[in-house]
1. Limited to segment B:61-87, what total is found for residues that are within 14 Å of chain A (Cβ to nearest Cβ), among the hydroxyl-bearing types (Ser, Thr, Tyr) and crowded, with 16+ Cβ neighbours inside 10 Å?
2. Within segment A:88-99, track down each residue that is more than 9 Å from every other protein chain (Cβ to nearest Cβ) and part of a loop (DSSP other than H, G, I, E, B).
3. Quick check on this structure: which one of A:49, A:24, A:28 is surrounded by 14 or more Cβ atoms within 10 Å (Cβ to Cβ), in contact with a strand residue (DSSP E or B) (Cβ under 8 Å, 6 or more places away or on another chain), modelled with pLDDT of 95 or more and away from chain B (no Cβ under 11 Å)?
4. Only one of (1) touching a residue at least 12 places away in the same chain (Cβ under 8 Å); (2) outside any strand (DSSP E or B) is not met by residue B:82, so which one is it?
5. Out of the residues in segment B:100-117 that are facing chain A (nearest Cβ under 8 Å) and surrounded by 17 or more Cβ atoms within 10 Å (Cβ to Cβ), which is farthest from residue B:54 (Cα to Cα)?
6. Restricting to segment B:90-99, what's the tally of residues that are touching a residue at least 12 places away in the same chain (Cβ under 8 Å) and surrounded by 20 or more Cβ atoms within 10 Å (Cβ to Cβ)?
7. Can you tell me which residue among B:125, B:58, B:132 is in contact (Cβ under 8 Å) with a residue 40 or more places away in the chain, at the interface with another protein chain (Cβ under 9 Å from one of its Cβ atoms) and surrounded by fewer than 23 Cβ atoms within 10 Å (Cβ to Cβ)?
8. Listed residues A:93, A:104; which is closer than 30 Å to residue B:117 by Cβ and touching a Gly at 6+ places or on another chain (Cβ under 9 Å)?
2 protein chains.
Amino acid sequence: MAACKDAEFGERTTKDAIEAGHSFQPKFDADGLIPAIVTDAGTGDVLMFAWMNRQALALTIKTGMAHFWSRSRAALWKKGSDSGNTLSVTEMRTDCDQDVVWLRANVDGKGLACHTGRSSCFYRAVPLGDAALQNLQLRFCGEDESKQ
Amino acid sequence: MAACKDAEFGERTTKDAIEAGHSFQPKFDADGLIPAIVTDAGTGDVLMFAWMNRQALALTIKTGMAHFWSRSRAALWKKGSDSGNTLSVTEMRTDCDQDVVWLRANVDGKGLACHTGRSSCFYRAVPLGDAALQNLQLRFCGEDESKQ
């Protein structure tokens, strides 16, 4: 991984260059991190959300395998390195102001992107409406619904 | 909106309750914000990424229309209130540790979720691979590709 330690991303320049240009100038926050959204390359479902530092972003671009920065462990993290549920990135995008990245990915191994053993981290719905706001009870979705 | 000012979300309790329970206990960061991913209810494409404070989250649940907190303007923001491109939420989900929300939504008005006048904020791809890392040039996608 040493080869990526010194990866240098473009410096932030003008609003116009950032929004309408071809130069990748990702914005890292005060902690040196950029948010990363991961969706399933097949279904489009959101699988997980995590953070990348410069090195994780560089390694993801270089290898096509998703890497993140674990804020809780304060460590670089190749997703699935223990479980085998690695993420093979089919496409990476960034947004208008280049402060988020979106990865389309296939989940390798058992296809479980969530550490709870589910295919996605987003297995619960927040009901909508005035009554729901008074209640704030989550509803399990999809394959998990029948287990409740 | 006053009715939502005092909306109270569940206090964070145990890891087990947060990951496997029915009680919505969203985690707001040190700035009182939670990240929100918005995907197109039809195509599954990621449309935008923004932040919500407690009031924006409560209003989104209550009304089914996406509200956010603008960090640059330090103001509550009903998405599309000026442009007409409001977001009608069809489903809201939260993730395993309840520190992100994901909205499936239909874009009203002209169907343009991005302030640049595009349907999605994620209109540029970051090419992958070792050579791409040395270059870091974005590629415009879809309808924008032919305009380059």
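1. Adding up the residues that qualify gives 1.
2. Selection gives nothing.
3. Numbers: A:49 fails: away from chain B (no Cβ under 11 Å); A:24 fails: away from chain B (no Cβ under 11 Å).
That would be A:28, the only listed residue that is surrounded by 14 or more Cβ atoms within 10 Å (Cβ to Cβ), in contact with a strand residue (DSSP E or B) (Cβ under 8 Å, 6 or more places away or on another chain), modelled with pLDDT of 95 or more and away from chain B (no Cβ under 11 Å).
4. (1)
5. Going through the qualifying residues, I end up with B:114.
6. Qualifying residue count for the region: 4.
7. B:58
8. Result: A:104 is the single residue among A:93, A:104 that is closer than 30 Å to residue B:117 by Cβ and touching a Gly at 6+ places or on another chain (Cβ under 9 Å).
The values are calculated or read from the model by the stated rules, or taken from the named source; none is laboratory data. What you are looking at is a predicted structure, and each value in this text was computed from that prediction instead of being measured. FYI the Cβ positions are ideal-geometry reconstructions off the backbone, even for glycines, and counts take in every protein chain you see.
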